[in-house]
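Some notes on the structure that comes next.
The values are calculated or read from the model by the stated rules, or taken from the named source; none is laboratory data. Note that the structure is predicted; figures quoted are calculated from it, not measured. Heads up, the Cβs are rebuilt from the backbone with ideal geometry, glycines too, and the neighbour counts pull from every protein chain shown. With ligands, DNA and RNA removed, areas are computed over all heavy atoms of the protein, side chains included. Shrake-Rupley method; radii C 1.70, N 1.55, O 1.52, S 1.80 Å.
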Amino acid sequence: MRPETEADLAALIRDAGAPLSVIGGGTRLWPGEGQGARVDMTAMTGVTLYEPEALTLVVRAGTPLQTVRDTLAAEGQMLGFEPDDLPGSTIGGVAATNAAGARRVLAGAARDALIGVRFVDGQGQVIRNGGRVMKNVTGYDLVKLMAGSRGQLGVLTELSFRTTPLPQVTNTLQLRDLDAADAIHAFTVALGGPYDVSAARWTPDHGALIRLEGLRASVASRSAELARRLSDFGSLSQIEDHPWHRPAPAAADPAQDVWRIICRPSQAPTLLERLPQPMLLDWGGALIHVAMPRGQTPDLPHFAGHARRIAGQGAAILPPPDPVTDRIQRDLRDRFDPRGIFRGAR
């Protein structure tokens, strides 16, 4: 099923007698998702409003993310939350998963740039919330609720975003010889100071990477001062054009699962002592990707973050939602999807 208009989609949902799974590019699905009859959103594309001077963009949900990037770049702008670079991804998938790339430490996630939505709920009703420009964002904030709902509450059809000017200059400081645990301490120095850091990431291949952006003179000054502060952590180099878009996480061994762990950066050193070497640290240590043997789960202290299997076999979340959170989630799903049409998204 491939609806071409919002009206077609609403009619399809009203007539549905079995669970549906609404998918754009299918690049951001986690294990256990996408099990119902597939509804392909890739025909609902196009930019419906773009006002560069107002820093606002309105776009249909099936529009490829790369098309959005190209449209904004032509005007010297971008999506400030820097969503992951997954070939085939759609802007609807970006919003539905509340995607965020390396700039989350500075600009937040998709929900922080999303100012308006249109969506179809489980009864086939078209709902609009928020606005098409920032000054018109009023009412109950369904925008934040839909960002990250992963298709369980409704099908996004149109999205309004606040855009961000492209930085004039980007500079990356690299501490190649740091291990993951020591990188956390370097990130704490960088993010806790007056350096306006826009990304802090560690990988086994590159070590610790810290990015500064902005006007040329400002970046040069901040980079020099931060380099002095980081000199105790080892040999430091500077890179002007490091690629910061993050590819889809994949384990080198097909017999492994990939887990995504979210925690406070202050908790990361304790977690790292209990885990294999991570594939990635991002957001200053708040995001950890780690590969585990198939069927094995990360050893999380009771106080530290939460984890989800994002590649491998079967859905798994640690720790399970507490009773209050679980009840709120069920009540929301029952309100927006009383017939269980979007069970296929879960």
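Taking residue 239 and the conditions (1) crowded, with 16+ Cβ neighbours inside 10 Å; (2) closer than 27 Å to residue 109 by Cβ; (3) not aromatic (Phe, Trp, Tyr), which numbered condition does it fall short on, given that it satisfies the others? In the conditions (1) crowded, with 16+ Cβ neighbours inside 10 Å; (2) closer than 27 Å to residue 109 by Cβ; (3) not aromatic (Phe, Trp, Tyr), residue 239 misses (1) alone. Residue-level check: of (1) out of contact with any Lys or Arg (no Cβ under 6 Å at 6 or more places or on another chain); (2) open to solvent by 40 Å² or more (accessible area, probe 1.4 Å), residue 25 misses just (2). Assessment of the range 78-96 against the conditions (farther than 16 Å from residue 159 by Cα, open to solvent by less than 10 Å² (accessible area, probe 1.4 Å) and either at pLDDT below 95 or within 21 Å of the chain's Cα centre (by Cα) (or both)) yields no matching residue. Residue under question is residue 161, and the condition is that it be assigned by TED's automatic domain parsing to the domain that holds residue 91 and open to solvent by less than 10 Å² (accessible area, probe 1.4 Å); does it hold? Criteria met by residue 161. Of everything in the range 209-239 that's charged (D, E, K, R) and closer than 16 Å to residue 176 by Cβ, which residue is nearest to the chain's Cα centre (by Cα)? Ranking the qualifying residues of the range 209-239, first place goes to 211. Taken over the range 320-338, the residue count meeting the criterion of being surrounded by 11 or more Cβ atoms within 10 Å (Cβ to Cβ) and within 27 Å of residue 248 (Cα to Cα) is 1. Where strands (runs of 3 or more DSSP E) fall wholly inside the range 237-346, the ranges with 2 or more residues that are in contact with a Pro (Cβ under 7 Å, 6 or more places away or on another chain) and in contact (Cβ under 8 Å) with a residue 60 or more places away in the chain are 306-311.
Can you confirm whether residue 69 is assigned by TED's automatic domain parsing to the domain that holds residue 154, of a type in the set (Lys, Arg) and at pLDDT below 95? Against the criterion (assigned by TED's automatic domain parsing to the domain that holds residue 154, of a type in the set (Lys, Arg) and at pLDDT below 95), residue 69 does not qualify.
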